[in-house]
Amino acid sequence: MMKNFSLKQSFFCARAEFIKWVCDARMIILGVLLIFIYSFAIEPLKSNAELMGEPLNILEPFIAIANSGAILLIIPLVFLTLIADFPKIDTNTVFYIMRVGRLNWLFGQLLKLIFMALSYLAVIFLGAVLPMLSDGFWYNGWSDVATKFASRFPEHSGNFGVQLLPENLYNQLTVFSAAV
């Protein structure tokens, strides 16, 4: 059974299927998710930074996204929507499986699933980090906006941007370890 297995054919099968997935019209949902993440998590943090006059760490919005319960529920739901027809079976699939072999096709589908998950997480990471490049800093430490905003502006302590980065998070972890 393994004599017909070809990693090269499996990779080409995964690549072709991945390109079809990326060009699918449902990818508009990913753009909507990025807009939602920006308005729900990044904008409140940026407004706190503007109010305080201090920059944010570039990774803090990504950490805030990973720390938000509402966003953490939405991210997997969007991914499941994007891969709802996995593995995609259309009219040519039977002929394609016969040409490349069942084992090569199956391994190609598993590779495609890995590519899809990694690229989805990379897009979310870039969607959180890119808006911060112009007015953020890169350092393995928390910004003053994350650590001191509630004490400097007690009237804004119930602010959603403050709740995204709670005290126990920045007191126990460095930025890099929280991002990982």
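Here, each number is a calculation from the coordinates, and none is a lab measurement. Just so we're clear, the structure is a prediction, and the values are computed from it rather than from any experiment. So basically every Cβ, Gly included, is an ideal-geometry build from the backbone, and we count neighbours across all protein chains shown.
Each other residue within a Cβ distance under 11 Å of Leu56 adds +1 if Lys or Arg and -1 if Asp or Glu, for a net charge of -4. Using Cα Rg over 2.2 N^0.38 Å as the read-out, say which of (1) 1.02; (2) 1.07; (3) 1.33 was calculated from these coordinates. Only one option fits the structure, namely (3). Only Lys, Arg, Asp and Glu carry charge here, each on its Cβ (+1 for the first two, -1 for the last two); on that basis the chain has a dipole of about 1160 debye about its Cα centre.
Among 55-62, 97-104, 9-16, how do they line up from the highest to the lowest mean number of other beta-carbon atoms within 10 Å?
On the way: 55-62: 24.4, 97-104: 15.9, 9-16: 18.0.
The most tightly packed comes first, giving 55-62, 9-16, 97-104.
What is the distance in Å between the Cα centres of segment 55-85 and segment 99-167? Rounded to whole Å, the Cα centres lie 7 Å apart. Between the beta carbons of Phe11 and Asp90, assuming R0 = 30 Å, the FRET efficiency works out to 0.90 to the nearest 0.05.
Placing unit charges on the Cβ atoms only, positive for Lys and Arg and negative for Asp and Glu, gives segment 3-74 a dipole magnitude near 680 debye about its Cα centre.
Normalised by the residues of the chain, what does the relative contact order come to in percent, with Cα pairs under 8 Å and at least six apart?
Values: 154 pairs, mean separation 72.3, N = 180.
The value is 40 percent.
Residue separation of Asp24 and Glu54 scaled by 0.36 nm, minus their Cα-Cα distance, works out to 6.7 nm of gained length.
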